[in-house]
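The values are calculated or read from the model by the stated rules, or taken from the named source; none is laboratory data. What you see is a predicted model, and the numbers here were worked out from it, not measured in a lab. Neighbour counts run over all protein chains shown; Cβ positions are idealised from the backbone, glycine included. In case anyone asks, the SASA skips ligands and DNA or RNA and just uses the protein heavy atoms, side chains included. Shrake-Rupley method; radii C 1.70, N 1.55, O 1.52, S 1.80 Å.
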Amino acid sequence: MTDEQFIRRTLLLAAKARGKTSPNPMVGAVLVKKGRVIAEDYHRKAGTPHAEALVIGKAGDKARGATLYVNLEPCCHTEKRTPPCTREIVRAGIGKVVVAMKDPNPRVSGRGLAELEGAGIETLSGILEDRARRLNEAYVAYITTGKPFVTLKVAMTLDGKIATPDGESKWITGEKARKYVHRVRSGVDALLTAIGTVKADNPLLTARVPGGKDPVRIVIDPNLEVPPDAHVLRTPPPTILVTRARGERSDALAEAGIEILRYEDTLDLRWLMEELGKRHMTSVLIEGGSSLAAHALEDGVVDKVLFFIAPKIIGGKDSYPAVGGRTFRRIGEAHRVKDVSVRRFGEDLLIEGYVAK
């Protein structure tokens, strides 16, 4: 097998922990000796052993002289709950380390590889780097900006509508597309919506995925209109209400365990993302109405879009568009999406891409 094939294996291993390692990256490791895999594993959760330490522990004395493949540069700093992986690698007598990408964390970024080279270990980096960066796009965004990676999800008809004039939207897309959205939810730290969606649908906003996890629910509710029987108040996971309201209702909700995140006058989503970054949230999925989609795009917080398109036509000038708002952009100034890919889920199409900054 080639270096590329072994790195591809590390990416597959790392992805097994999607949504579970935040704020750490997803990392897989494969230890190879004389062309044969002698150990492989992946990092499961922040605070638990890293992938490199796991494979070294599995291999024992066999690790001496072996080649370690890992999708991210081994860590070398001590400002965390686990020992530096570089020390474990040197101590194990590993002969060569091949990585897909350098760690963007400034406390590591090349220093890990330099430490290994200083100990006489051969290193090679840049194998399938684009795929490795895409796998850990949330970690890269968070560690370099201090803010989460934001994905905007929209489910719309062929004519660009997300709901009828009376707010009916269940279900625009089919079951396969909806199941995929639940997997996406399970892979993010937080799900952001607005009070209009909560009042209209009373959603659970959970990820119904076996073995998955539920994201923290964040509801933008300027005037604290959330109904007392709303699922977001009564069932796990935790909910954060983003509001400008004060008073007894706010105090009562806080006493009931609902976190209140307060802003003054007008909500700036850039501020909100900074606040979520302070809470070590690395990824946010936006699922809401046309106004929230417009607000997020105009505030410039969206990194990635997932537009599901169902083969249905609603029509009507009063039906809700995918992206609303009071302003529009001329064609030459439109938000541009790059690196576009198209997939099919049953009868529905998913157009996925990255917003050009």
Notebook entry, point to check: Out of all the residues in the range 30-56, which are buried (at least 22 other Cβ atoms within 10 Å of the Cβ) and either under 21 Å from the mean Cα position of the chain (by Cα) or not aliphatic (A, V, I, L, M) (or both)?
Noted result: 41, 42, 43, 50, 51, 52
Notebook entry, point to check: Out of all the residues in the range 291-332, which are open to solvent by 100 Å² or more (accessible area, probe 1.4 Å) and either of a type in the set (A, V, I, L, M) or modelled with pLDDT under 90 (or both)?
Noted result: 313, 326, 328, 329, 331
Next item on the list: Kindly indicate whether residue 155 is small (Gly, Ala, Ser) and in a helix (DSSP H, G or I).
Entry: no
Notebook entry, point to check: Do you know which of the residues in the range 177-219 that are closer than 21 Å to residue 166 by Cα and in a strand (DSSP E or B) is least open to solvent (accessible area, probe 1.4 Å)?
Noted result: 193
Check: Considering only the range 270-286, how many residues are open to solvent by 20 Å² or more (accessible area, probe 1.4 Å) and closer than 21 Å to residue 350 by Cβ?
Finding: 0
Notebook entry, point to check: Which fully enclosed strands (runs of 3 or more DSSP E) of the range 294-357 have 1 or more residues being farther than 14 Å from residue 155 by Cα and without any contact (Cβ under 8 Å) to a residue 12 or more places away in the chain?
Noted result: 337-345
Next item on the list: Could you tell me which of the residues 151, 86, 144 is among the hydroxyl-bearing types (Ser, Thr, Tyr), out of contact with any Gly (no Cβ under 9 Å at 6 or more places or on another chain) and open to solvent by less than 30 Å² (accessible area, probe 1.4 Å)?
Entry: 151
Note to self: Take the residues in the range 249-267 that are open to solvent by less than 40 Å² (accessible area, probe 1.4 Å) and in a helix (DSSP H, G or I); name whichever of them is nearest to residue 204 (Cα to Cα).
What the structure shows: 253
Check: So which of 246, 270 ends up being charged (D, E, K, R), on the phi < 0 side of the Ramachandran plot and in a loop (DSSP other than H, G, I, E, B)?
Finding: 246
